[in-house]
1. Can you list residues from other chains, or at least 5 along the same chain, whose modelled amide H is less than 5 Å from the amide H of Ala33?
2. If you take the beta carbon distance between Ile199 and Gln7 as r and set R0 to 45 Å, what does 1/(1 + (r/R0)^6) give as a FRET efficiency, to the nearest 0.05?
3. Using the structure shown, select from Lys17/Lys170; Lys9/Lys103; Lys103/Lys168 the pairs with a Cα to Cα distance greater than 26 angstrom.
4. Run through the range 32-87 and list the trypsin sites (Lys or Arg not before Pro) located in a DSSP loop whose Cβ has at most 10 other Cβ atoms within 10 Å.
5. Test of understanding: what is the full-extension gain from Thr186 to Gln107, defined as 0.36 nm times their sequence separation minus their Cα-Cα distance?
6. How many angstrom lie between the C-alpha centres of the range 51-83 and the range 167-190?
7. Under the rule of at least 5 residues apart or a separate chain, name every residue whose amide H is placed under 5 Å from the amide H of Gly111.
8. How large is ³J(HN,Hα), in whole Hz, for each residue of the range 197-203 in order, when computed from phi with the Karplus curve 6.51 cos²θ - 1.76 cosθ + 1.60 and θ = phi - 60°, using x for Gly and Pro?
Amino acid sequence: MSLTHMQIKELLDENLKHECEGFGPDKVCVRIAAIGELPSRFGDFHIFAFYNNWDGKEHAAIVRGDVTGAENVPVRVHSECLTGDAIGSLRCDCRDQLETALKEIGQMDKGILLYMRQEGRGIGLINKIRAYGLQDHGYDTVEANLALGFRDDEREYSVAAHMLFSLKVKSIQLMTNNPRKIENLTQHGVVVNGRIPVIIPPNPHNEFYLRTKAEKSGHMLDSFGKLHLQEQGDRPVIDGMTPEQVTQLEQN
Ligand SMILES: [Zn+2]
Ligand SMILES: [Zn+2]
């Protein structure tokens with residue numbers, strides 16, 4: 001069952017006036033600004049576009065079914081990656097993660113993908129490409145890491161948490177391989193009743209993760225020794241990994 005026109009109108013009307021004081025550590029407030037149907041290759045969704053008072057970014061929720069007042073709604077939080085999501089870059093695994101989540105949610109009664117418009121987890125496109133460029137020119141990973149070093153996960157979670165409140169979700173099951181994400185959302189008041197591991201099917205593009213080892217720095221090297229930067233909060237778990245490899249990912 002999907003959202004009715006009446007529900008959509010009510011949500012939009014309520015959000016016009018919505019203003020909360022002192023939500024989260026940074027007084028983050030979010031409003032649903034627009035809602036539209038979004039038929040896609042992964043199934044039929046509604047897309048919610050949000051305004052927020054903190055980062056000026058237009059975050060989105062891709063929503064399957066009627067999630068208002070619902071318990072245990074499967075939720076995935078995805079950080080925008082222009083090069084991966086839209087262009088199909090093989091420098092990261094963002095598109096695999098995004099497609100896997102959308103395919104799964106597209107087959108469920110209810111589910112949400114929060115699409116956070118924070119390129120490379122908030123460092124911005126310029127810094128991300130700067131890091132790519134440094135690596136291309138043979139710099140060691142230290143400089144590349146510096147360029148990638150100012151992530152601000154904390155506030156991403158308070159925006160994401162408010163987006164879930166705006167959607168009137170009562171409790172969620174987080175689709176993640178990263179237990180720390182659950183703690184962060186919980187700290188911002190989200191009721192997380194469980195975790196759904198995200199297992200990515202193997203393909204020629206993510207094969208390097210299957211053959212690789214996790215470095216001390218936590219970065220992933222392919223079999224040619226080339227660094228692949230992690231741009232999502234989750235490390236990819238790919239179908240076919242050994243239990244040891246999965247544990248290793250969680251520990252890094
Ligand atoms: Zn608010
Ligand atoms: Zn990416």
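1. When sequence neighbours closer than 5 places are left aside, the close amide H contacts are Ala49, Phe50, Tyr51.
2. 0.85
3. Lys9/Lys103
4. Filter output for the range 32-87: Arg41.
5. Computed gain between Thr186 and Gln107 is 25.8 nm.
6. Answer, in whole Å: 12.
7. Arg64
8. Those phi angles translate into x, 9, 10, 8, x, x, 8 Hz.
Only the coordinates and a few stated rules stand behind these numbers; no lab work does. Since this is a predicted model, take the numbers as computed values, not measurements. Don't worry about glycine lacking a Cβ; one is built from the backbone with ideal geometry, like all the others, and counts go over all protein chains shown.
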